[in-house]
Amino acid sequence: NGGNTMMTDQQLKENGYRSYPGTAIDVYYNIELCAHAGKCVKGSLEVFNPKRKPWILPDAEAANKVAEIIDTCPAKALQYILKEQK
């Protein structure tokens, strides 16, 4: 899958990412890496809304759609871990 580095939760947190856990997908964001390209917000304002706290709601869209949006992030400031579907 695209440019996702497939780091673990612990590795992402050690690399300065903050976690936004969801039911089917956990989203991670690193403000230090963010280039403010806006691809996440344009991809889904329901999931990524900087005017809201928390600004990322991973369950607002299907997990695969959230993953596709994150894969468009040019700075890799957003990462994700898809959870096993039972």
Practice task
Using just the alpha carbons, could you tell me how many Å³ per residue the convex hull of the chain encloses?
Solution key: 88
Practice task
Name the residue farthest towards the positive end of the dipole of the chain from the options Met6, Ser44, Ala77, assuming +1 on Cβ of Lys and Arg, -1 on Cβ of Asp and Glu, about the Cα centre.
Solution key: Ser44
Fill in the blank from the handout: Count of lysine pairs, the chain, Cα-Cα under 27 Å, sep. 8 or more residues or interchain, comes to 26
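Quick note: the coordinates plus some simple rules give every number you see, no bench work behind them. Just so it is clear, the model here is predicted, and its values are computed rather than measured. FYI the Cβ positions are ideal-geometry reconstructions off the backbone, even for glycines, and counts take in every protein chain you see.
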